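Please read the structure below before turning to the comments.
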Amino acid sequence: TDRIIALFQRAGLPVHGPQAMSAEMYLPHMMRDKKVLAGELRLILPLSIGRSEVRGGVAHDMVLAAINDCQQP
């Protein structure tokens, strides 16, 4: 994950979400994503550079906790 963050930073991309946006504010937007299947959020999770996996059935409280962790600088 540190390598992915460093790569984003070198490319000038943000690595934290907007401070004014709470984790709860993300969910409605995420639920409109094309990866939502039958009302279930599916996530593409990076494992390493060039490697990821699709995960479904992730509880919303886990998603919110992960977003909160990513909000911390």
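The values are calculated or read from the model by the stated rules, or taken from the named source; none is laboratory data. Remember, predicted model here, so these are calculated numbers, not experimental data. As a convention, Cβ positions derive from the backbone with ideal geometry for all residues, glycine included, and neighbour counts pool all protein chains shown.
Things worth noting here:
- Among residues of the stretch 1-52 being among the hydroxyl-bearing types (Ser, Thr, Tyr) and exposed (fewer than 12 other Cβ atoms within 10 Å of the Cβ), the one that is modelled with the lowest pLDDT is Thr1.
- Filtered residues of the stretch 1-53 (kept if acidic (Asp, Glu) and not in a loop (DSSP other than H, G, I, E, B)): Asp2, Glu24, Glu40, Glu53
- Pairs where the first residue, in the stretch 2-23, is more than 24 Å from Ala59 (Cα to Cα) and the second is among the small types (Gly, Ala, Ser), C-beta under 8 Å, 6+ apart: Arg3/Ser48; Ile4/Ser48
- Any chance Pro73 is touching a residue at least 24 places away in the same chain (Cβ under 8 Å) and touching a Ser or Thr at 6+ places or on another chain (Cβ under 6 Å): no
- Among the residues of the stretch 54-64, those that are touching a residue at least 12 places away in the same chain (Cβ under 8 Å) and either β-branched (Val, Ile, Thr) or outside any strand (DSSP E or B) (or both) comprise Val54, Gly57, Val58, His60, Val63, Leu64.
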